[in-house]
Each structure stands twice: as structure tokens, then as C-alpha cells.
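The values are calculated or read from the model by the stated rules, or taken from the named source; none is laboratory data. What you see is a predicted model; the values in this text were computed from it and never measured. Heads up, the Cβs are rebuilt from the backbone with ideal geometry, glycines too, and the neighbour counts pull from every protein chain shown. Side chains included, ligands, DNA and RNA excluded: accessible areas come from the protein's heavy atoms. Shrake-Rupley method; radii C 1.70, N 1.55, O 1.52, S 1.80 Å.
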Amino acid sequence: LLVNGKSLKEYQRAYVQEMADIGCVFTLIGGSAVISDQVANEIAEITGTAPDRVYGNNRYLTSELIAQRYASHTDAVVLAYGQNYPDGLCGGPLAYKLHCAIMLCANNKQKPAVRYVEGLSYEIGYILGGSGLISDETGREVFGKEPGSLFWEK
């Protein structure tokens, strides 16, 4: 669910109840500055169980932790520019189809992506957006390969 960060709307509370009734568990993605403890408390009140939370000190570290947790074995890697949302939002269906995570990245903010990729055995990498947002140099650092190769595509 996309939440406003402060509290759940009534329809979201109803959805959480429906999902809890069929055994779903909840994980908050982001720290309490992004999704308030109030939201966590509301979910715990509805479900009877406190939700888990995955977050780092910034969005890049958070994306690394999400990827490590949910996509530790994958055949692909998708990089999306981390300073705005369109590339990552639009790339969600691609990552879903590839069964991989989207790593947030930007020039001079690629270390979490480099760490994540180093531990993988994968076949292809994608960079969403133009080289003005994630440069070829950053792509080479993350993937260790040249752009336009059969390995990674923009």
C-alpha cells in the first residue's frame, strides 16, 4: 500500500484487515520519517502483530536492504534513478517480470548497488533512464561491463 506516511485511510484499514484475515504479514518499507510509527501501530492494532520494517539511513541503503532480503538470487538487476520516482515506478513491472529488485542509484550514490551486485550471479543488467541521470561510468562501476554490450542495456 502507498500510504501518506502519517496514518492509514479508512479503506486502507479495511484492506489490511482483509489481508490479515487470510494470513498476510506486513512489512513497512522505509524508516519512521517516511512511514510513521502511527501507521505501524495501526497495522499492529488491526492484525495483532507488529509489522516488520526494512530501512536504511537513506533511500539507496534502503533499496540495498530490500534487494538483499527479497531478491538475493536473481538473473537480472534493474537500476533506477533515485532522486525522483518515475523511472523506478515505471520499472516496477519490468522488475516483477524479471523476478528482481530495483536498485536505486545515482551518480556518486552507487555504492549500495555495487555491494548488492557484487554478491550476485546474474545474467543481465538494465539502467532505466538516460545517461544524464545514471552515467555510463556509474553503470560500468555497478556492472563491471561496458554499456550496449549484451550484458547491460539502457
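Assorted remarks:
- The loop-placed trypsin sites (Lys or Arg not before Pro) in segment 1-40, going by DSSP, that have at most 10 neighbouring Cβ atoms within 10 Å of their Cβ come out as 6.
- Candidate aspartates and glutamates - alpha carbon under 19 Å from residue 9, same-chain residues fewer than 8 apart omitted: 18, 21, 37, 42, 45
- Accessible area in square angstrom per residue, segment 28-154, 1.4 angstrom probe: 55 Å²
- The angle separating the long axis of helix 59-70 from the principal Cα axis of greatest extent in the chain is about 80 degrees.
- Degrees, to the nearest 10: 37-47 long Cα axis against longest axis of the chain: 60 degrees
- When you restrict to C-alpha pairs under 8 Å that are six or more residues apart and normalise by the size of the chain, the relative contact order lands at 18 percent.
- Where only alpha carbons of the chain are counted, the Rg and the Dmax (Å): 17.1, 51
- DSSP finds beta bridges in segment 1-151, and of those with both partners inside it, around 0 percent are antiparallel.
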